[in-house]
Amino acid sequence: QKELQQLVEAERAQLRLDIAEAAAKAYVLVLQAKTNERVERENLHRTRSNLELARVREAVGYSGRADVYRWESEIATNRSRLITANSQRNVTEIQLNRLLHQPAEKPFVPSEIELSNDELLQRQGPMIRYLESQGLFRKLRNFLAQEGLLHAPELQQLEAFIRAQKYLLANAKRAFWTPTVALQADIENTFWKSDAGQNGANPLPIPGLTTADDPSWTVALNLRFPLFTSGAKTADKKQAEAELAQLELQRQATAEKIEQRIRTALHRAGASFAAIRLSEDAARAATQNLELVVDAYSRGVLSIIDLIDAQNAALVAEQASANAVYTFIIDFVEAQRAVGLFRYFMNEQERAQILLRLEAFVDDQ
């Protein structure tokens, strides 16, 4: 029963980690949806500016009415995209409210994060620097895989189950030579007996019924050892051995799955981490290209198709850049869940200890 209690506690720890992962990802998804909505709103404002530019071009004879109609069509499309982005933000807020046990439509205002991408990354902890080098990243994966096998609640549940099963197997083996012994003792006595008095009088004790007069007690010792059980003891022993072997194989398979999950999550986090810089460079280049195309379009050098293509490219690049950090944070949260260690649940001393173990592991390798 003690081992089974450990199993229950490990199940609770697993549920706690799952809820923490879901809540953290839901919060980041709200921030991501708000960012997408902001980017779509800025793109709509840019389209309206281009519409005014098209009207000026029409007035000076650079283009005809077709450009104005095309930009009006683009505005309708952009407004539709903005409505979709707003709807998606509402959906993510409802999901987060459910996890926070709040009314579904309760207004949710996340704390505004006016930080650069570098500052957002620094908030994820000192392990971030191990993602910047392939050699360090490989050592980080090995270290966290080792930590995950030590702290994973899924393995702790199976280990508690295995220990309990070993007790059952030991009992099955002892049944061949140990008897069942039962000791039972009883004592009985009437301490007080009364009868209802007349006219509501207080009840009076009946003489002769006291502790010293008529106590009775029994003591029984029972020893039982069946000589013939039709092979039941052997069957119980084999069944216990088979169940123990099954649990040990299940633990081995679970450990392999956990290690796979840890390394997969870390590879995803490493890829999304590298995408942050690349998406920033792409967004910067796309914005500069858009500025050049807008200037050329205003002078009648380029067509409206060129400007729309440049604006769409800038929109896609800006969305990718805005979402890159959030994507990495989600991947990093999934990696922490796979390891079974959320830094949000750790105090400063525990965080320092795991960093010391990481540095010692890197030095040893």
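Backbone N atoms of segment 229-258 closer than 17 Å to the 7 Å Cα→Cβ label point of LEU168 belong to residues 232-251.
Treating r as the C-beta distance of ARG357 and ALA76 and R0 as 45 Å, the FRET efficiency rounds to 0.20. For segment 300-365, carbon and sulfur atoms together expose 54% of the accessible surface, with a 1.4 angstrom probe and every protein chain in place. Computed from Cα positions, the angle between helix 348-364 and the longest principal axis of the chain comes to roughly 80 degrees.
Stretching THR234 away from VAL316 to a fully extended chain increases their span by 22.6 nm, per 0.36 nm per residue minus the current alpha-carbon distance.
Against the empirical 2.2 N^0.38 Å scaling, what ratio does the C-alpha Rg of the chain come to? Intermediate results must be reported in sequence, preceding the final value.
Values: Rg = 36.2 Å, N = 365, 2.2 N^0.38 = 20.7 Å.
Dividing the Cα Rg of the chain by 2.2 N^0.38 Å gives 1.75.
Applying 1/(1 + (r/R0)^6) with R0 = 30 Å to the Cβ-Cβ distance of ARG65 and GLN288 gives a FRET efficiency near 0.45. At an R0 of 30 angstrom, the distance between the Cβ atoms of ARG41 and ARG277 translates into a FRET efficiency of 0.70. Calculate the tail of P(r) for segment 325-365: the fraction of all Cα-Cα distances greater than 13 Å, expressed in %. Of all Cα-Cα pairs in segment 325-365, 63 percent lie more than 13 Å apart. Solvent-accessible area per residue in segment 235-365 equals 53 Å², computed with a 1.4 angstrom probe and all protein chains kept.
About its Cα centre, the chain has a charge dipole of approximately 620 debye under the convention of +1 per Lys or Arg Cβ and -1 per Asp or Glu Cβ, with nothing else charged.
In this entry, segment 266-365 is assigned a mean projected area of 8.9 nm², taken as a quarter of its C-alpha convex hull surface. Remark: segment 1-84 carries 58 Å² of accessible area per residue (probe radius 1.4 Å; ligands, DNA and RNA excluded). D for segment 238-315, whole µm²/s, Stokes-Einstein with Kirkwood Rh over alpha-carbon pairs at 25 °C and 0.890 mPa s: what number? D, rounded to a whole number, is 143 µm²/s. Between the listed residues ILE354, SER321, ALA335, the Cα displaced farthest toward the positive end of the dipole of segment 316-355, a dipole computed from Cβ unit charges relative to the Cα centre, is found at ILE354. Angle between the Cα long axis of helix 153-174 and the longest principal axis of the chain, 0 to 90 degrees, nearest 10? Helix 153-174 and the main axis of the chain meet at about 20 degrees. Towards the positive end of the charge dipole of the chain, with charges on Cβ (+1 Lys, Arg; -1 Asp, Glu), say which of ALA245, LEU278, PHE345 has the farthest Cα. About the Cα centre, the residue reaching furthest to the positive side is ALA245. For the chain, the longest principal axis of the Cα atoms and the long axis of helix 232-298 meet at an angle of about 20 degrees. What a 1.4 Å probe finds exposed on segment 1-83 is 52% carbon and sulfur by accessible area, rounded to a whole percent.
Scalar couplings 3J(HN,Hα) for segment 93-105, obtained by applying the Karplus form with A = 6.51, B = -1.76, C = 1.60 to θ = phi - 60°, are 5, 5, 4, 5, 4, 5, 5, 8, 6, 10, x, 4, 9 Hz; x denotes Gly and Pro.
The values are calculated or read from the model by the stated rules, or taken from the named source; none is laboratory data. Owing to the predicted nature of the structure, the values given are computational and were not obtained by experimental measurement. Please note: Cβ atoms are built from the backbone with ideal geometry, for glycine as well, and neighbour counts cover all protein chains shown. Just so you know, the surface numbers come from the protein's heavy atoms only, side chains and all, with ligands and any DNA or RNA stripped out. Shrake-Rupley method; radii C 1.70, N 1.55, O 1.52, S 1.80 Å.
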